[in-house]
Amino acid sequence: MTRLRIAMWSGPRNISTAMMRSFENRPDTEVWDEPMYGPYLHRTGIAHPGAAEVIADQGTDWQAIAQRCHGNAPNNSTVFYQKHMTMHLLPEMGWDWLRGLTNCFLIRQPDQVTASYSKVRPDLTLEDLGFRQQAELFDYIIKTTSTLPMVIDSKDFLLNPEGMLCAMCQQFDIPYRSEMISWPAGKRDSDGVWGKYWYDTVWASTSFAEYQDKPLNLSAAQSAIAEEAEPFYQVLYQHRLQP
């Protein structure tokens with residue numbers, strides 16, 4: 001029976017899908033890719049690639065999805081890893097349903113996220129990046145559980161993947177498995193139907209990419225969004241996990 005339900009909260013253009021791959025490569029783990037994406041697209045009407053297909057695949061009943069998040073993993077695996085996007089948390093969903101999940105946070109520097117995401121969504125807004133929602137959810141988890149949630153900074157992680165994975169597993173009270181550091185290339189049945197639009201890099205990968213400092217070329221509007229996101233990022237960054 002499932003004993004650990006991990007809800008990993010990230011924004012776009014992070015290492016969230018690679019992290020999902022890592023955990024899926026454990027023999028004791030099943031994963032779920034962005035459970036609330038369908039309800040989010042249905043409610044907001046945002047024109048994402050393949051939106052109609054995503055909605056048809058996932059449905060629009062967020063309450064039923066939330067209930068499944070608390071259920072057993074497929075095949076009764078002991079670990080149920082859920083890859084969530086913070087911007088998918090719509091106001092009507094509330095946050096009470098998150099109690100009982102092991103909520104964790106995956107963060108990345110706002111200027112890097114903005115530079116990367118603007119290539120596919122030139123008209124992006126702060127809300128699209130999820131930083132505000134991440135900070136507010138982080139505060140909620142602390143206040144309602146009296147515990148400090150795990151925070152993983154993607155730069156820290158990519159500079160030391162194995163050390164970070166060991167530290168994460170220790171926090172989760174599960175054994176580190178060497179299978180987590182690499183995986184077979186290609187698609188997975190667990191990938192969302194949107195994978196064909198977003199997952200080319202992950203499908204070609206066999207491990208975490210080496211961290212590189214890339215030059216950024218932000219417009220004035222994009223720089224303003226990154227600056228607005230920075231305080232929310234810093235709220236979590238000061239609590240990041242370090243091996």
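For the residues Leu101, Leu159, the requirement of being touching a strand residue (DSSP E or B) at 6+ places or on another chain (Cβ under 6 Å) and either at pLDDT 95 or above or closer than 20 Å to Ala66 by Cα (or both) singles out Leu101.
Yes or no, residue by residue, for (1) surrounded by 13 or more Cβ atoms within 10 Å (Cβ to Cβ); (2) over 15 Å from Arg108 (Cα atoms):
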{"site": "Lys155", "(1), (2)": "yes, no"}
{"site": "Phe172", "(1), (2)": "yes, yes"}
{"site": "Lys187", "(1), (2)": "no, yes"}
{"site": "Ala204", "(1), (2)": "no, yes"}
{"site": "Asn217", "(1), (2)": "no, yes"}
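Checking each residue in the stretch 31-70 for being closer than 24 Å to Leu101 by Cα and β-branched (Val, Ile, Thr) picks out Val31, Thr60, Ile65.
Pairs meeting the criteria (first residue in the stretch 147-173 and on the phi < 0 side of the Ramachandran plot and touching a residue at least 12 places away in the same chain (Cβ under 8 Å), second residue in a helix (DSSP H, G or I) and among the polar types (S, T, N, Q), beta carbons under 6 Å, at least 6 apart or on different chains) are Met150/Gln171. Across the stretch 122-146, the qualifying residues are those that are in contact (Cβ under 8 Å) with a residue 40 or more places away in the chain and either among the basic types (Lys, Arg) or outside any helix (DSSP H, G or I) (or both), and the one among them that is surrounded by the fewest Cβ atoms within 10 Å (Cβ to Cβ) is Thr125.
In this structure, Ile181 qualifies as surrounded by 14 or more Cβ atoms within 10 Å (Cβ to Cβ), among the hydrophobic types (A, V, I, L, M, F, W, C) and touching a strand residue (DSSP E or B) at 6+ places or on another chain (Cβ under 8 Å).
Scoring Tyr37 on the criteria (1) in contact with a Leu (Cβ under 9 Å, 6 or more places away or on another chain); (2) under 21 Å from Tyr117 (Cα atoms); (3) at pLDDT 95 or above leaves a single failure, condition (1). The set of residues from the stretch 192-232 being more than 20 Å from Lys119 (Cα to Cα) and either touching a strand residue (DSSP E or B) at 6+ places or on another chain (Cβ under 6 Å) or among the polar types (S, T, N, Q) (or both) comprises Gly192, Ser205, Thr206, Ser207.
Can you pull out the helices (runs of 4 or more DSSP H) entirely within the stretch 9-121 that have at least 1 residues that are surrounded by fewer than 19 Cβ atoms within 10 Å (Cβ to Cβ)?
37-44, 51-58, 62-69, 110-117
The residue that is farthest from the chain's Cα centre (by Cα), among those in the stretch 1-28 that are of a type outside the set (Val, Ile, Thr) and at pLDDT below 95, is Met1. Working only within the stretch 174-194, note down all residues that are of a type outside the set (Val, Ile, Thr), in contact (Cβ under 8 Å) with a residue 24 or more places away in the chain and under 18 Å from Thr29 (Cα atoms). Those that are of a type outside the set (Val, Ile, Thr), in contact (Cβ under 8 Å) with a residue 24 or more places away in the chain and under 18 Å from Thr29 (Cα atoms): Arg177, Glu179, Met180, Ser182, Trp183, Arg188, Ser190, Asp191, Gly192. Is the stretch 205-214 home to any residue that is acidic (Asp, Glu), free of Cβ contacts under 8 Å to residues at least 60 places away in the same chain and outside any helix (DSSP H, G or I)? Checked the stretch 205-214: at least one residue is acidic (Asp, Glu), free of Cβ contacts under 8 Å to residues at least 60 places away in the same chain and outside any helix (DSSP H, G or I).
The values are calculated or read from the model by the stated rules, or taken from the named source; none is laboratory data. The model shown is predicted, which means the values in this text are computed figures rather than measured ones. So basically every Cβ, Gly included, is an ideal-geometry build from the backbone, and we count neighbours across all protein chains shown.
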